[in-house]
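Structure, as structure tokens:
Any read-out appearing in this document is the output of simple, stated calculations on the displayed coordinates, not a laboratory observation. Source: prediction; values computed, not measured. Here Cβ is always computed from backbone atoms with ideal geometry, including for glycine, and neighbour counts include all displayed protein chains.
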RNA sequence: GGUUACGUAGCUCAAUAAGGAUAGAGCAACUGCCUUCUAAGCAGUUGGUUGCAGGUUCGAAUCCUGCCGUGACCA
């Protein structure tokens, strides 16, 4: 229980002028720096109830609380604020009670089941910065839910079928039949992505030629031989043509090998993978059943629609007139399949905000189809990652590639480390690990510290910082703490609670006690930036303390033990918190 | 045109769910601090009409209304 909850609970039993307080909307918060005290009650609302001067009400309430709680040292009333000051012993005892490993919250026998989907790439292109945001949001949220007691299934849904992969297939058959990622030494996903780009080039040339012959754009697209072969490939694929399927499998396999490598480097893991090629048929079937039930209707051309009969939601297509499915159809199939397979209590889709409308509609449709679990669906929506002059565009080659960016971060970490002269006794391999961990941490933290709802503007010309509010700063703070711990190995004594605390120490303990509520609020808001900012603030407060107060050189042994314990608790929470965000720490740097 | 999200210091962000005290950090710029625990650090200076105008309230960056701007989606 943290100190605010503690005060809250005692308020229930307090009567003021023979009226019980009952915590009616009495807000309690930590006292701001400027005033003396630890916890503040905002007592303005009591004015209306008691119709007495605030000063008097505050005094009365303060006295009552002080009588009930022995650890209240003093209190003061300023305007409508009642500030309570705690005794040092309270904090000293609090720290003694904190144990490392404390933060496995809710070790109940029954763990509710969370399925969380993230990444969900197409198979025609390598992953880019947008995917990185998606992956680390999903990964960190799944870690958070795991600590608060959920059983978590991490999944990705791969969009492995459709016109886009057919384009790569056609271009590869035309230009690169004998080539493979192995014999060209190109990473698999980049290899396939290259043919996607080649395809677009071929198509553009052909269309330009047709336009110059006087056709309009849609005529040109119809007449284009290369587009014809794409459509032919898609048709063959849907009909299960062996040769087409073989090529499809071959290219997708290369892509998966490439993705695998990127995920490994980023530290992203999955418990299972789902493929749209497996679920779109179920989606179609359910839609057809929905027609029988009168939920959907068929137009004269055979296409299937839903009408929301609502001013803000428009009617929506579910099956095209040729019977092929759209994204919505596939997502219906995928959701139903998931709930058939597992007793899911919560399903989170980590998908960009451009799909807000899509998911709103998907959830409504599943409700109308009569699935009671539609209430368990959540869309973790996040803003786009843009460049200073707008969207990343693959056609203009402005897409920030995930692999390139990670390598760039690695190299920057290397050059900064060298400049600082910190490369003393490491092997080459250790050095590589060091740069990798520093670089990836800086990248991840840069993205995670921003509220997911906001869009991020990433300027490729400006490098991501390694000082200030960064992942590196937190790693560095942790390394300092590790070094302190090594130098104080032999000291394992407990301190006694007779010592007095300075303001640095008090501030830190107050922050430590908030950790659990921070984690819960991350889960409630689906927002890891809350944790990222908390960790930074804790690290900052620790550096304040570290720079101004001696730990190992402290003469008073009792104080020294206390400070070592305090530092190591900070270290523990920094590490634990960063790991929840999916960022690794370093013991030395 | 409709729906929705966002708008805070030169730049990047925090505080907004659930209103609270003089709106906090970092970067950039400038000034100090390594013969005691890692200077990727610490201390300090400069920088704000919280897009604009109203409203509710003891109290508004936060809630409400209208407008302006930007993005996304739907058409």
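In square nanometres and to one decimal, what's the mean projected area of the convex hull around the Cα atoms of segment A:91-233?
Here the figure is 15.1 nm², rounded to one decimal.
Could you put A:409, A:384, A:141 in order, starting from the residue whose Cβ has the fewest other Cβ atoms within 10 Å? Mind showing how you got there, number by number?
On the way: A:409 23, A:384 17, A:141 27.
Going from least to most buried by this count: A:384, A:409, A:141.
Can you give the Kirkwood hydrodynamic radius for chain A, in Å, rounded to one decimal and based on Cα pairs? Don't skip to the end; give the middle numbers.
Details: mean 1/r = 0.0355 Å⁻¹.
One over the average 1/r among Cα pairs gives 28.1 Å for chain A.
Using only the C-alpha atoms of segment A:402-580, find the volume of their convex hull and express it per residue in Å³.
Working: hull volume 25.4 nm³, N = 179.
Taking only Cα atoms, segment A:402-580 has a hull volume of 142 Å³ per residue.
Taking the Cα centroid of segment A:50-83 and of segment A:534-569, what is the distance between the two, rounded to the nearest whole Å?
If we compute the Cα centre of each part, the gap is 32 Å.
Sort A:255-267, A:314-326, A:524-536 by packing, meaning the average of other beta carbons within 10 Å per residue, with the highest value first.
In decreasing order of mean packing, A:255-267, A:314-326, A:524-536 become A:524-536, A:255-267, A:314-326.
How would you rank A:59-65, A:417-423, highest first, on the average number of other Cβ atoms within 10 Å across their residues?
Ranked by mean Cβ neighbours within 10 Å, highest first: A:59-65, A:417-423.
Just subtract the alpha-carbon distance of residue A:496 and residue A:146 from 0.36 nm times their residue separation and send over the number in nm, one decimal.
Numbers: separation 350, 0.36 × 350 = 126.00 nm, distance 3.57 nm.
Once the chain is fully extended between residue A:496 and residue A:146, it gains 122.4 nm.
Hey, what does the equivalent ellipsoid look like for segment A:3-86, semi-axes from the Cα gyration tensor as sqrt of 5 times each eigenvalue, largest first, whole Å?
18, 15, 11
On a 0 to 90 degree scale, rounded to 10, what angle separates helix A:54-68 from the longest Cα axis of chain A?
The answer is roughly 80 degrees.
Of the listed peptides A:242-251, A:278-287, what is their order by residue-averaged count of other C-beta atoms within 10 Å, with the highest listed first?
Result, highest mean first: A:278-287, A:242-251.
So in segment A:118-396, what percent of DSSP beta bridges are antiparallel if you round to the nearest 5? Could you put the intermediate results ahead of the total?
Details: 7 of 18 bridges.
That works out to approximately 40 percent antiparallel.
Using a 10 Å cut-off around each Cβ, can you sort A:567, A:407, A:142 from fewest to most neighbouring Cβ atoms? Please report the intermediate quantities before stating the final value.
Numbers: A:567 22, A:407 14, A:142 25.
Going from sparsest to densest Cβ surroundings: A:407, A:567, A:142.
Could you pull the Rg and Dmax for segment A:209-271, using just the Cα atoms, both in Å?
In order Rg, Dmax, the Cα atoms of segment A:209-271 give 18.3, 54 Å.
Can you say what percent of the DSSP beta bridges in chain A, counting only those with both residues inside, are antiparallel? Round to 5.
Restricted to chain A, the bridges split so that about 50 percent are antiparallel.
In nanometres, what is the gap between the two model label sites at residue A:110 and residue A:122, each 7 Å from Cα along Cα-to-Cβ?
Result: 4.3 nm between the two label points.
Taking the number of other C-beta atoms within 10 Å as the exposure measure, put A:144, A:32, A:456 in order starting with the fewest.
A:32, A:456, A:144
Calculate the length of the line joining the C-alpha centroid of segment A:196-260 to that of segment A:403-470, in whole Å.
So the separation of the two Cα centres works out to 39 Å.
Multiply the residue gap between residue A:228 and residue A:257 by 0.36 nm, knock off their C-alpha separation, and tell me the result in nm, one decimal place. Please report the intermediate quantities before stating the final value.
On the way: separation 29, 0.36 × 29 = 10.44 nm, distance 2.96 nm.
Full extension of this stretch gives 7.5 nm more.
Restricted to Cα positions, what overall size does segment A:118-396 have along the principal axes? Three whole-Å values, descending.
If we take the Cα atoms of segment A:118-396, the spans are 55, 52, 44 Å.
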